[in-house]
Amino acid sequence: MADNDAATSTAVAGERERRGFFGRILLFVRQVIDEMRKVVYPTRDELTSFTIAVLVFLAVIMAYVNGLDWMFTRAVSWVFGSG
Amino acid sequence: MLTSFGRAFRTPELRNKILFTLAIMALFRLGSHIPTPGISFDLVKKCQEAATGSGSLLGLANLFSGGALLQLSIFALGIMPYITASIIVQLLTVVIPRFEQLKKEGQSGQAKMTQYTRYLTIALALLQSSTLITAARNPSSILGGSPATCSTIMPDDSIPTILIMIITLTAATGLIMWLGEQVTERGIGNGMSLLILTAVAASVPQSIWAIRDQGWGKFLIVVVMGLAITTAVVFVENSQRRIPVQYAKRMIGRRSYGGTTTYIPLKVNMANVIPIIFATSLLSLPMLVAQFQGSSTNPPKWVEIINTYFARGDHPLYMAVYTVLIVFFTFFYVSITYQPDEVADNLKQAGSFIPGVRAGSSTAKYLSYVLNRITTVGAIYIAVLALIPLIALALVNANQNFPFGGASILILVGVGLETVKQVDSKLQQHNYEGFLR
């Protein structure tokens, strides 16, 4: 488990003391980059299937809501309108 | 993935949930069309026709209510008071010790906080409905158009009628809150986000279609941008940092248990669309207040400031405040929902550990170390993602047709993904059950 260097988290406090303001920001940025390297990103397949699923879902929802709206607008103006 | 949608309808439990959610959405839309008692439907329509071209002044608030606000229907206030109330209560958990204590109490404290949120919602609804009705006595101020073509929308503006209107709007907001909670409990997805999705979905297609009038090129740009943002959101939502966890091996009798490895998934953006919803609704509040003041001939200074900087989504100052709010809410929300101490405790009780890190407080420290660094990227990413549509829409000059397009696209995609994922996981759960029995 080389990916879990506990040393970093314990050494942070000590190292922070020795650095100036900008040094600390630099350290933080370096740690952020370090962590981002360990992030597992979605594969191409996952990405496309999820994107398509979301687009289909949104298309269905929009069609449904706008269909309802069309109906309700008609119904409401029939009930409450005068002309 | 797509075939599983078909399968979703064949499993009765899931089908009921989906149908229930769809029914609630239909009720929500129905209420957005029924006019408030005391408001003349014909006069509102006439005013709206007279006001075409001047554009809706209440932009974002109207968008969030799915167009109900400017129709002055019974659901005019939409889900906004509920969102505002829940933001306030969540913020209070940090500030007020009593709320903090309630949060630590677990189940019963949570119930108490839900109760406070509901009370606050009603109070906010009362406030907002009174403002709205008062402003509606002079309809040209909120509907646009000139006072000549649109002098009144209330045939009878005596005190009892106005009181009835205020009570109706407040009660309707309570009903919306209840609908949202029902969806969370018995339907699919988070009720609050799903009702916003419904409201936004009602107005977005028209806005996108309206861009076509400015030429197919712009229309194409907006569509491509929508696709790119969808892909980006999916990408970020599916990225996670996996922290390895090792279960201790135990001998019970002659058999050994455990000794397996799993991981704790930490999503890069754990807060999902919540920061965007919070930031946009918080930014729309001053606008809403200013709008009701704006009709006077000599508005106060602060109304002018809000009108110049915050009434449009493309002013640099608006963008800056928006970004800061999104970053803030991302960290805030993650820190509220994810407790490293609790996770560390759970790990310890289950006899598991993160390799190379000691159990207990070092584990909690390590988790929050990773969490802070990952969320930094997540927050920046979400803020950038929220800004891209704002800038792009301003560049192609499609802003007047598609105000706050950025927020609406992100809400659509974010809530969409969340819901799709939940359906998917419910489906998997169900199939596994079917497998085992």
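Rule-based calculations on the coordinates, nothing more; no lab input. What you see is a predicted model; the values in this text were computed from it and never measured. For neighbour counting, all protein chains shown are included, and Cβ atoms are generated from backbone atoms with ideal geometry for every residue, glycine included.
Things worth noting here:
- Test item: B:262-273 mean partner chain Cβ contacts at 10 Å: 1
- Averaged over the residues of peptide A:32-40, the number of Cβ atoms from other protein chains lying within 10 Å of each residue's Cβ is 6.
- Spatially proximal lysines relative to B:LYS365 (Cα-Cα < 29 Å; intrachain offsets below 8 disregarded): A:LYS38, B:LYS103, B:LYS104, B:LYS249, B:LYS267, B:LYS348
- Shape category assigned to the range A:42-83 from the gyration tensor of Cα positions, a/c cut at 1.5: prolate
- Packing-based ranking, highest mean first, of B:318-330, A:66-78 given that Cβ atoms within 10 Å are counted: B:318-330, A:66-78
- Shown in residue order for the range A:47-55 are the 3J(HN,Hα) couplings computed by the Karplus curve 6.51 cos²θ - 1.76 cosθ + 1.60 at θ = phi - 60°: 4, 5, 5, 5, 4, 5, 4, 5, 5 Hz (x for Gly and Pro).
- Mean per-residue shielding of peptide B:38-48 is 2, counting Cβ atoms of other chains within 10 Å of each Cβ.
- Extension reserve of the B:ARG137-B:GLN349 stretch, reckoned as 0.36 nm per residue once the Cα distance is removed: 70.0 nm
- Virtual spin-label span in nm between B:ARG358 and A:ILE25, 7 Å along Cα→Cβ: 3.5
- Rounded to whole Hz, the Karplus (6.51, -1.76, 1.60) HN-Hα couplings of the range B:89-106, x for glycine and proline: 4, 5, 5, 5, 4, 7, 8, 9, x, 4, 5, 4, 4, 4, 5, 6, 5, x
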